[in-house]
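Undergrad: To start, I am sharing the structure in question, which I have written as structure tokens.
Every read-out reported here was derived from the displayed coordinates using simple, explicitly stated rules and does not represent laboratory data. Here the structure is a predicted model, which means the values were calculated and not measured. A quick note on method: Cβ atoms are made from the backbone with ideal geometry, for glycine too, and the neighbour counts reach across all protein chains shown.
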Amino acid sequence: MELEEAIKKRKSVRNFSVKKPSWRDIIQAIDYARFAPMAGNIYSVKFIFVSDREKIDKIAEACQQEFVGKVHYLVVVVSDRENVKKNYDFYDKQFGAQQSGAAIQNFLLGITEKGLSTCWVGFFVEDQIKRTLSIPEKMCVEAVFPIGIEHQFMKGRSKTKIDLDSILFFNKYGKKNLDSDDTKPSFDNS
Ligand SMILES: Cc1cc2nc3c(=O)[nH]c(=O)nc-3n(C[C@H](O)[C@H](O)[C@H](O)COP(=O)(O)O)c2cc1C
């Protein structure tokens, strides 16, 4: 799958078929996350693959969202913000969250490429998830991803996305057009 297609095809799915996805495909999508940028190249993110039924049920309860439990596999993303703090002091929260987001987006594009579906779940009782998966206290639970195959009856639906015009400025905040000099062809081949 081409990058553009994966980016545009990715969407949140909350209705899954009963069919079991390939665990190998999920692990390969996690492998893509290794290539995300990290400050100082210090990798701060971990992925926990969960297949244990009892644990999936407990995590769905911690998220208080029923669809989270209606899958064969879950992936829980955690990050070591303490380690980020050691290296980047008061940037720990910012860098920790940004690095997790970069790693997660690679993972999501991988999930899309494999024909699988998920939804980024960010609302949960963190302690409950930590207890369920024996996650050390110092780690931060970033997100939960129930992974499945999209249910046939929901297929094809996706959200309208914001226009480029609404998010892009030129040279200063709020300026909506490119300077005329920038649109001239360049003859410099160096
Ligand atoms: C940080 C974050 C937290 C989110 N938390 C939840 C959540 O707890 N439950 C849920 O159903 N969707 C959650 N979402 C999914 C968003 O609702 C979804 O991405 C958004 O509506 C855009 O739809 P799309 O993913 O199909 O493009 C979350 C997304 C992000 C990025």
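Undergrad: Provide the gained length on full extension for the span residue 15 to residue 186, in nm with one decimal, where the gain is 0.36 nm per separating residue minus the Cα-Cα distance.
TA: Details: separation 171, 0.36 × 171 = 61.56 nm, distance 5.02 nm.
Contour length minus the Cα-Cα distance gives 56.5 nm.
Undergrad: Here's something else I'd like to know. Would you please give the FRET efficiency between residue 22 and residue 105, computed as 1/(1 + (r/R0)^6) with r the Cβ-Cβ distance and R0 = 22 Å, to the nearest 0.05? Walk me through the intermediate numbers first.
TA: Numbers: r = 21 Å, r/R0 = 0.97.
E(calc), rounded to 0.05, equals 0.55.
Undergrad: Right, another one. Going by C-beta contacts inside 10 Å, put 172, 138 in order with the fewest on the left. Could the numbers behind the result be given before it?
TA: Working: 172 6, 138 10.
Listing 172, 138 from fewest to most nearby Cβ atoms yields 172, 138.
Undergrad: Additional query: Run the reach check for residue 8 against lysines, Cα to Cα strictly under 18 Å, same-chain hits fewer than 8 apart removed. What comes back?
TA: 114, 155, 159, 161
Undergrad: Ranking 160, 183, 132, 118 by Cβ neighbours within 10 Å, fewest first, what do you get?
TA: 160, 183, 132, 118
Undergrad: Sticking with this structure for a sec: In nm, to one decimal, how far is the residue 1 label point from the residue 134 one, both placed 7 Å along Cα→Cβ?
TA: 3.4 nm
Undergrad: Can you work out the FRET efficiency for the pair residue 54 and residue 8, with r the C-beta to C-beta distance and R0 = 41 Å, to the nearest 0.05? Each step should come with its number before you reach the end.
TA: Values: r = 37 Å, r/R0 = 0.90.
It comes to 0.65.
Undergrad: Also: Tally Lys and Arg at +1 and Asp and Glu at -1 over the other residues with C-beta under 14 Å from the C-beta of residue 136: what net charge comes out? Walk me through the numbers before you get to the answer.
TA: Details: positive: 46, 81, 130, 131, 138; negative: 80, 82, 126, 127, 137.
Here the charged neighbours net out to 0.
Undergrad: Continuing with the same structure: Are there any trypsin sites (Lys or Arg not before Pro) in region 15-102 that are in a DSSP loop and have at most 14 other Cβ atoms within 10 Å? List them by number.
TA: On the way: sites: 19, 24, 34, 46, 53, 55, 58, 70, 81, 85, 86, 93; in loops: 19, 70.
Sparse-neighbourhood loop trypsin sites (Lys or Arg not before Pro): 19.
Undergrad: Taking R0 as 35 Å, what FRET efficiency do you get between residue 70 and residue 166 from their Cβ-Cβ distance, rounded to the nearest 0.05?
TA: Working: r = 35 Å, r/R0 = 0.99.
With a Förster radius of 35 Å, E is 0.50.
Undergrad: Label point 7 Å out from residue 93 along Cα-to-Cβ: which residues of region 8-49 have amide N under 15 Å?
TA: Within reach of a label on residue 93, which here means backbone N under 15 Å from a point 7 Å along Cα→Cβ, region 8-49 contributes nothing.
Undergrad: Continuing with this model, one more query. When only Cα pairs under 8 Å and 6 or more residues apart are kept, what is the percent relative contact order across the chain?
TA: Values: 270 pairs, mean separation 57.7, N = 190.
Averaging sequence separation for qualifying contacts and normalising by length gives 30 percent for the chain.
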